[in-house]
1. What number of residues in segment B:270-318 are farther than 18 Å from residue B:235 by Cβ, surrounded by fewer than 21 Cβ atoms within 10 Å (Cβ to Cβ) and either away from chain A (no Cβ under 14 Å) or of a type in the set (Gly, Ala, Ser) (or both)?
2. Only one residue in A:124, A:76 is more than 14 Å from every other protein chain (Cβ to nearest Cβ), within 20 Å of residue B:308 (Cα to Cα) and modelled with pLDDT of 95 or more, so which one is that?
3. Given (1) under 17 Å from the mean Cα position of the chain (by Cα); (2) within 14 Å of chain B (Cβ to nearest Cβ); (3) aliphatic (A, V, I, L, M), where does residue A:66 come up short, assuming only one miss?
4. So which residues in segment B:91-125 are in contact with an Asp or Glu (Cβ under 8 Å, 6 or more places away or on another chain) and under 30 Å from residue B:301 (Cβ atoms), if there are any at all?
5. From the list B:461, B:474, B:516, pick out the single residue that is touching a His at 6+ places or on another chain (Cβ under 8 Å) and closer than 23 Å to residue B:371 by Cβ.
6. When residue B:185 is evaluated against the numbered criteria (1) within 25 Å of residue B:65 (Cα to Cα); (2) surrounded by fewer than 17 Cβ atoms within 10 Å (Cβ to Cβ); (3) outside the structural domain of residue B:337 (by TED's automatic domain parsing), which criterion, by number, is the only one it fails?
7. Grab the strands (runs of 3 or more DSSP E) fully contained in segment B:1-68, keeping just those with 3 or more residues being crowded, with 18+ Cβ neighbours inside 10 Å.
8. Quick check on this structure: which one of B:431, B:421 is in a helix (DSSP H, G or I) and closer than 29 Å to residue B:526 by Cα?
Amino acid sequence: MQTLVAYVENKPGVLNRVASLARRLAINIDSLTVGPTENDEIARMTIVAHTDARGAHRLEASLEKLVDVLLAENISDRSLLERDLALIKVLADQKNRPHLMELIKVFRARVVDVAPESLILEVSGTVDKIDGLLEVLRPFGVLEMARTGRIAMTRGGDLLRPPVALVKATELETTGSK
Amino acid sequence: MKLTGAEILCESLTKLGVRHIFGYPGGAILPVYDALGKSKLHHILVRHEQGATHMADGYARASGGVGVAMATSGPGATNMVTGIATAMLDSSPVVCITGQVSSKVLGSDAFQEIDITGITMPITKHNVIVKRAEDVARSLREAFLIASSGRPGPVLVDITKDAQQASCEFNWEASAPQLPPKRQRISYDQAEFDRAVELLNSAKRPIILAGHGIIVSGAMRAFQQFVRVGNYPVAMTLLGIGCFPANDPMNLGMMGMHGEAWVNNAIQESDLLIAVGMRFDDRVTGDLRTYAKGARKIHIEIDRAEINKNVTVDAALVGDAGEILDKLTPHIQARDLGDWVRHIQELKGDSAVRDIQSLPDNGHLYAAHVINDIWKETRGEAIVVTDVGQHQMWEAQYYHHNQPRTLITSGGLGTMGFALPAAIGAKFAKPDSEVWVVVGDGGFQMTMSELATIVQEKINVKIAIINNGFLGMVRQWQEFFYDKRYVATPLVAPDFAALANAFGIRGERITSRAEVVPTIRAARQCSETVLLDFRVEQEDSVYPMVPAGASLHDMIRRPDNPLVETATEP
């Protein structure tokens, strides 16, 4: 499994181009999340792909060939913070509810909706953590689940910024030196 | 100045230096055609939109500039798909302009509406739909920039009919390309460069694999200098042919599936592959597990995505071939590689003696003779445009190109039907050059309707049909690998000479070796297009051949005496 981050133009069709490219390269995407950044015109993607380092290099380099992709980077080998968010609707009757609440506590999940026969839990964390919670919830009866897929960020001073600011900085530099 | 989107399109094309457009009109592109009529642009009416894209491609490959094809929405656009894919696989800068239904009805399955940007997404370098007249000029400028920069490729611009009809202020200066800012990657670091230099200066059996990238980069001079200083023998890919003179003693010829045995064996025995502007295609490497096992590898390539794709390399220099070669050459120590070069000459063995050209006339007509005679008669100076199949490989073997952009052929996609339209495009790009079409009887029948385009435009190309009554390359595979079960390869064709006459073109049929040279001479004398139908040996094969998936050294060699062997068959 390889994790890539891409900054793309925040406009229609770009997600299609990225997904189409992965399909063309015969690389299976495990999860792809996309959301806006602090700059409205730029979106950030986290792509988790079923491939090896060679495949990730090809995906990264091919992504950067797309006009609408500003930057793509394989961050699999770096020190990463990875998060996945899940909403899980689980059966909860009067009898098993106390037991359920204990587990929720252990996994640091939150109850965000309460109904007579069910609860909705919100949990965030690594994929392993959510998979673990899911495992223990299964016997209670998982009715519905929605997961965001992974987002990832390199830790500490290892910055991965979109190139816009950089380009502007160089522009300023050039104008300044003239 | 207020102009319609259609007028802006024509103005922009003119300002971008376009003189020729290959296209076919229709409802959704009609406003543009109306504006075309008032412009100085020369529109060439094709007979099928696939032809338009191949013409634009041939134009681009012959000129080094951008070729432009135009079609209407729906079927007009979908007919372009094969030509766009052909340009994509061979990195050819083609801009395709398609009409689209009005933006108000987009998405409603309107008449002749099709999602052509969706369809062509994986086969274009970029594509865009333009829905406002205000965006026409900028989109076109961006399309030309994208198509021709870096590793070139096709770009499609889909323009809705209302964007063509609406009027807006036309301001060329304000319509400069606004492409998203890209992270600037360092192509290679000093350590990588030093490693490459070290490999170049320590190899005992180096060989250059020269590809299309040298021609695209315009790096012929830099490349010759590099070869000269390093004394490296040069093997070429099919699309690399012309990047280095065929008559240079260091030029070994084409490598790969139908490369000469000494070229492939030299690659397998080498200790350093210097790959320049090529992508280790499977037709070039054969089985990757046994490919150049003893060789270190340097890859000079503009496309980072090609590095370590098929072959893992020891040093990768990402960037423009010419610039990198110019940087490398001063660091190369001239060394005596005489033993290695002599060894390669020995690998040639008696090939020259066994050459089909030097064998006596046995009453049979062979494609190799025809192509070699065309080479001799044109002194190797013609632009030759080939189709795909046996004749394509024979052309690569028997027509010796000394200049870049003189062999135009569909390499990556292997598109039958490419030759005739691509040659028309090449002729428009190089009106003063002699242009020959070398095409099989199968491929010719795919796009022969473009003969009418030739007549309508009054252009002069020479068409040599290598007619063996078979889909020859497929037949050859059936002969070698399917016990001669010739399923769906015997091919009925019309009388091509009579067909040419019906179009108003002179046509000749040639059945014997003695007629070949006189007919070629007569055709060259003629100031109009001439079609020559060479009825060649039916079951001749291209040798050597590396079977698909076999090791590069594992070739099916030429029979000892092909003439005698086939001549004695009943």
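The values are calculated or read from the model by the stated rules, or taken from the named source; none is laboratory data. Model, not experiment: these values are computed from the prediction. Glycine also receives a Cβ, built like all others from the backbone with ideal geometry; neighbour counts cover every protein chain displayed.
1. Within segment B:270-318, residues that are farther than 18 Å from residue B:235 by Cβ, surrounded by fewer than 21 Cβ atoms within 10 Å (Cβ to Cβ) and either away from chain A (no Cβ under 14 Å) or of a type in the set (Gly, Ala, Ser) (or both) number 3.
2. Values: A:124 fails: within 20 Å of residue B:308 (Cα to Cα).
Result of the check over A:124, A:76: A:76.
3. Every listed condition holds for residue A:66 apart from (1).
4. B:92, B:94, B:117
5. On the way: B:461 fails: touching a His at 6+ places or on another chain (Cβ under 8 Å); B:474 fails: touching a His at 6+ places or on another chain (Cβ under 8 Å).
Exactly one of B:461, B:474, B:516 is touching a His at 6+ places or on another chain (Cβ under 8 Å) and closer than 23 Å to residue B:371 by Cβ, namely B:516.
6. So residue B:185 meets the others, but not (1).
7. On the way: elements: B:2-4, B:20-23, B:42-45.
In segment B:1-68, B:20-23 are the strands (runs of 3 or more DSSP E) which contain 3 or more residues that are crowded, with 18+ Cβ neighbours inside 10 Å.
8. On the way: B:431 fails: in a helix (DSSP H, G or I).
Exactly one of B:431, B:421 is in a helix (DSSP H, G or I) and closer than 29 Å to residue B:526 by Cα, namely B:421.
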